[in-house]
Amino acid sequence: MSATESFEARLIDAIQPLRHYVLSINLYHLFETGLFASLSEKGSLSPAQIAELHGMDASRLRVFLGYLRNEGYLKEVDGKFSLSDQGRRIEEFRPWYTMLVGGYNETYMQVGEKLKQGSGWASRNLEQVGTGSCGISRHDAIPLTRSLMAKVPGKCTRLLDMGCGNGRYLVDFCEALPEIQAAWGVEPSAESCREAAQMIARHGLQDRVHIVNASAGEFLRSGMGIEPDFVVLGFVLHEILGQEGAAGVRAFLTQMVARFPDLHLIIIEVDQQMDSARAMQHGLGIAYYNPYYLAHPFTQQCLETQPFWEGLFAECGLEVVAKEYTDPQVDSTGLEVGYLLRKPRS
Ligand SMILES: C[S@@+](CC[C@H](N)C(=O)[O-])C[C@H]1O[C@@H](n2cnc3c(N)ncnc32)[C@H](O)[C@@H]1O
């Protein structure tokens, strides 16, 4: 595209980010309103039928459906709407919309104001961040955690998930590993705790899984009253790092292993590589990690590099038993790293 091209051609090119901005928000609404689920279940529906089903305003709904038809996510035949193939294909990627739109849209809107010195933190929707992250984790971090857990066969009988979000890990692990007798989730978002309790009840796991509404530090300082043999911290250490600094993370990890010397820790983090041209040339690097990196310093989170974390683990006297990356079939950036740690045996 050169400056000699027509104004209109340059305009169309320049406003493509606006088109995608509005589209991402409205795909999020398609999921969150339950419209996606209704269309998926019932096939083809008229706007009047959908409006009746969801108690919606029929004229606004008609425009919403028409908008998504024009973008190729819905089909309209004889005045009835259904999901197009493109619409159906997007379902498995819903968690990315939950996290980046539901969780961080409000953050991105505050970026300009929060660039100013002393302007404080931007807000985010913690429940949506947790739910979105747990949904993404089903594809990457949960298999990674399982692979790390398998390095200590049969050992996980009491699992503690710090920063458990909507409880997805706890449900998946308890269903997959019958040797887990008891599991606990600790989560500072009250809304996420409610979601987790509902998911646990839906899966009939109330007797094995317990949710505590607290931060990891508060739970540790409360005396805990439980004796886990595995602790999972999926994308949570960078939260504690932002909230309490490196000294806070060191104190947290050291106290955990001092209290439970046989404990295995699984830590999943995203490597801070936003200045790596190689990482940012990767499709997933620019589509996901670039906006992901952007949100963190505005919301009291501090992503770090692998050498940083490995140095900090060494300072805490922790041994890296295993280090692995997400399955490259799912994410080949190599940006998501998992550590299995423990206190060295004397
Ligand atoms: C990115 S989500 C990760 C959710 C899930 N662990 C996963 O791996 O997908 C971060 C979670 O950590 C929680 N969190 C934030 N600060 C925390 C803290 N100090 N202690 C424990 N959890 C915290 C958030 O509420 C959120 O649910």
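Rolling a 1.4 Å probe across all protein chains gives residue 158 an accessible area of roughly 80 Å².
The modelled label-to-label distance between residue 111 and residue 157, using points 7 Å beyond Cα along the C-beta direction, is 5.0 nm.
Placing unit charges on the Cβ atoms only, positive for Lys and Arg and negative for Asp and Glu, gives the chain a dipole magnitude near 220 debye about its Cα centre. When both bridge partners sit in the chain, DSSP labels roughly 50% of those beta bridges antiparallel. Taking amide H as placed 1.01 Å from N in the peptide plane, residue 232 has its amide H under 5 Å from the amide H of 160, 161, 162, 266, each at least 5 places away in sequence or on another chain. Summarising the amide proton neighbourhood of residue 75: residues at separation of 5 or more, or on other chains, whose placed amide H is nearer than 5 Å comprise 82, 83, 84. Between residue 15 and residue 52, the FRET efficiency estimated from the beta carbon spacing at R0 = 35 angstrom works out to 0.45. Oblate is the label for the stretch 74-219, because a/c, from the alpha-carbon gyration tensor with a ≥ b ≥ c as root eigenvalues, is 1.5 or above and a/b does not exceed b/c. Accessible surface for residue 113 stands near 110 Å², nearest 10, in the context of the full protein assembly shown (1.4 Å probe).
Along the stretch 258-266 the Karplus relation, 6.51 cos²θ - 1.76 cosθ + 1.60 evaluated at θ = phi - 60°, assigns HN-Hα couplings of 5, 6, 10, x, 8, 5, 9, 10, 10 Hz to successive residues, with x for each Gly and Pro.
With springs only between Cα atoms under 10 Å, which of 133, 147, 44 fluctuates most in a Gaussian network model of the chain? Comparing 133, 147, 44 in a Gaussian network model of the chain, the most mobile one is 44. In this label model, residue 310 and residue 22 are separated by 4.8 nm, measuring between points 7 Å along each Cα→Cβ vector.
Here the Karplus relation 6.51 cos²θ - 1.76 cosθ + 1.60, evaluated at θ = phi - 60°, turns the backbone of the stretch 320-336 into coupling constants of 7, 6, 8, 9, 9, 10, 4, 3, x, 5, 9, 8, 9, 6, x, 8, 9 Hz, with x for every Gly and Pro. Counting only protein heavy atoms and a probe of 1.4 Å, the accessible surface of the chain is 52% carbon and sulfur. Using heavy atoms of the protein chains and a probe of 1.4 Å, the accessible area assigned to residue 109 is about 130 Å².
A 1.4 Å probe over all protein chains sorts 124, 345 by accessible area into 345, 124, starting with the largest.
Taking 0.36 nm per residue of sequence separation and removing the Cα-Cα distance, the residue 321/residue 4 pair yields an extension gain of 108.1 nm.
Taking 151, 116, 343 and ordering them by how much accessible surface each has at a 1.4 Å probe, largest first, produces 116, 151, 343. Once the Cα-Cα distance is subtracted from the 0.36 nm per residue extended length, the residue 276 to residue 226 segment shows a gain of 13.8 nm. Taking a sphere under 12 Å around the Cβ of residue 154 and counting the other residues whose Cβ falls inside, with K and R at +1 and D and E at -1, yields a net charge of 0.
Residues 238, 54, ordered by accessible area of protein heavy atoms at a 1.4 angstrom probe radius and largest first, appear as 54, 238. Per residue, the chain exposes 48 Å² of accessible surface when a 1.4 Å probe is rolled over the protein heavy atoms with every protein chain present.
The values are calculated or read from the model by the stated rules, or taken from the named source; none is laboratory data. Computed from a predicted structure; not experimentally measured. FYI the Cβ positions are ideal-geometry reconstructions off the backbone, even for glycines, and counts take in every protein chain you see. What goes into the accessible areas is simple: the full protein's heavy atoms, side chains included, and nothing from ligands, DNA or RNA. Shrake-Rupley method; radii C 1.70, N 1.55, O 1.52, S 1.80 Å.
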